[in-house]
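Data block below; observations after.
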Amino acid sequence: MNTIRDVPTAPGGLPGVGHLHRLVRHRLRFLESLRQVGPLVRIRLGTAPVYVVTDPALVHQVQSSKGRSFGRGKQFQRMVPLLGHGVITSDGELYHRQRRTIQKAFTPAHIERHLVAIHRQAEKLCATWEDGRPVDVLHALKGLAVAVTAETLFSGRMTDQVLAQLNRVLPVVEKAAVERPMMPKVVDRLPLPFVRRGDEAMAGMRAVVAEAVAACRGQSSRSEGDMVACLLAARDPDTGRPLSDDLVCDEVIAMLIGGAANVPATLAWAWFHLALRPGAEERMLTEIGVPADGPPTMAELNRMPYTRAVMYEAMRLHSVQLVTQRTTAAVELGGVMLPCGTDTAYSQHSLHTDPRFCPRPAAFSPERWLPGSGWEPARHAFVPFGGGRFKCVGDNFACAVMMATLVAVGGRWRLHRPPGLRVGVSVREPVPSPTGLSLVPRHRS
């Protein structure tokens, strides 16, 4: 049995800085390079060691088979001062109580009802586009995601003015939630411009959410089945008392960030790749067909294998960069005994683009997900929503949003790449997002 001292260290670290400079400058490339170092690799964030797991079988042990020995990592603990104690950051019994409560709003029946809101908001978005006028795709999809998430949280009781406020502050909060956990705690107390912007945006978001939650109390008859109704109806199992407004606000903020960050980035990348591969776009649009009078049902979405393959391939190519967990007891992992309190991490992006498990990993190929392709993801090598007890509670809802949006937009528009388009990658969000992605909508003939 090896000790933690035997774990190899990634090359390129600097005194006092560790590997932070590599994470800042070339984050995705650096995370991908760790596969060549070993199945368990030490990196340093400043002087603090983090042990990155690069083997999918070991990632599965962290998530599931040995998951009881792993809690939330430093990344999530550092988010608490910013985001509160919502389901994104909580741990232990509080997390399990929150998860059980939230799951009630994501049953298949509830998701089926949410498709109405998703379709309605996507229709509103499509109606604002003009044939031949370029669209900032990520910005448009972020606005759609905020509107959809808010409607499913509050049963459509948020005004357009409130949604506009959320659209202004959410991008700042997302960036702060990604960047701050990589920095020492002392940074939170320094009068730095980016710290002040993050704190001010979070305060503004909390004020908007608190006002909306307070307005929902006593209106449960109008909001049966939405997320806020489930939270307001929940009772503490020990005291029998309802959840405090502060905790309800934390949960709403967690769901807003979860819904408004990763889903639009994935959809934006899907449209980018489709614009580069007209044959793939044509195949998806043919499957979608002409727009229906009303929202699609889950049964109808499940009969669109190529559209679902487009979604899966976008999620494979563009995934969460880094997820951290901390050992809560001594545990063996890959022949190494990790002491209690060891910080570990894994990269969904690196797992999904590993050439050992996926041929031509950089290529956008929805066809690989279709029956008869001869390929299927290696066991535990495709985990876009994480796994085990910390798996995303809204995974099925997120897939429903992405599928319904592809269908609603694709039923009306083709999105073309203009000449000279140059698209960059921002790693300041959980899922790296495209920058400069301006596509030209054309009515489907």
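In table form, for the structure just shown:
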{"read-out": "Rg/Rg_globular for segment 346-442, with Rg_globular taken as 2.2 N^0.38 Å and Rg from C-alpha atoms", "value": "1.29"}
{"read-out": "Coarse-grained scattering of segment 116-198 at q = 0.11, 0.14, 0.16 Å⁻¹, given as base-10 log I(q)/I(0) from a Debye sum over alpha-carbon atoms", "value": "-0.43, -0.63, -0.75"}
{"read-out": "Long-range amide H partners of Thr344 with built H, under 5 Å", "value": "Tyr51, Gln325, Arg326, Thr327"}
{"read-out": "Taking all pairs of distinct alpha-carbon atoms in segment 192-288, Kirkwood radius in angstrom", "value": "16.8 Å"}
{"read-out": "For the chain, calculated [θ]222 nm from helices alone, where every DSSP H run of n ≥ 4 adds -39500 (n - 2.57)", "value": "-15000 deg cm²/dmol"}
{"read-out": "Segment 224-257-segment 365-414 distance, computed between alpha-carbon centres (Å)", "value": "29 Å"}
{"read-out": "Extension gain from Arg303 to Asp6, taking 0.36 nm per residue of separation minus the Cα-Cα distance", "value": "101.9 nm"}
{"read-out": "Cα convex hull volume per residue for segment 260-375 (Å³)", "value": "166 Å³"}
{"read-out": "Equivalent ellipsoid semi-axes - Cα gyration tensor, segment 76-129, angstrom", "value": "31, 18, 5"}
{"read-out": "Count of lysine pairs in the chain with Cα separation under 25 Å (8 or more residues apart, or interchain)", "value": "11"}
{"read-out": "FRET efficiency, 1/(1 + (r/R0)^6) with R0 22 Å, evaluated for Gln36 and Leu14 via beta carbons", "value": "0.65"}
{"read-out": "Rh by Kirkwood over Cα pairs, then Stokes-Einstein D for the chain at 1.567 mPa s and 4 °C, µm²/s", "value": "57 µm²/s"}
{"read-out": "Stretch gain in nm, segment Leu421-Val186, where the contour uses 0.36 nm per residue and the Cα spacing is subtracted", "value": "80.5 nm"}
{"read-out": "Coordinate range along principal axes, alpha carbons of segment 106-264, Å, largest first", "value": "56, 45, 26"}
{"read-out": "Whole-Hz ³J(HN,Hα) from phi, Karplus 6.51 cos²θ - 1.76 cosθ + 1.60, for segment 387-393, glycine and proline x", "value": "x, x, 6, 9, 4, 3, 6"}
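Throughout, read-outs are computed from the coordinates displayed, never taken from laboratory work. This one's a predicted model, so the numbers in the text were calculated from it and none came from an experiment. Using ideal geometry, Cβ is built from the backbone for each residue, glycine included, and neighbour counts are taken over all protein chains shown.
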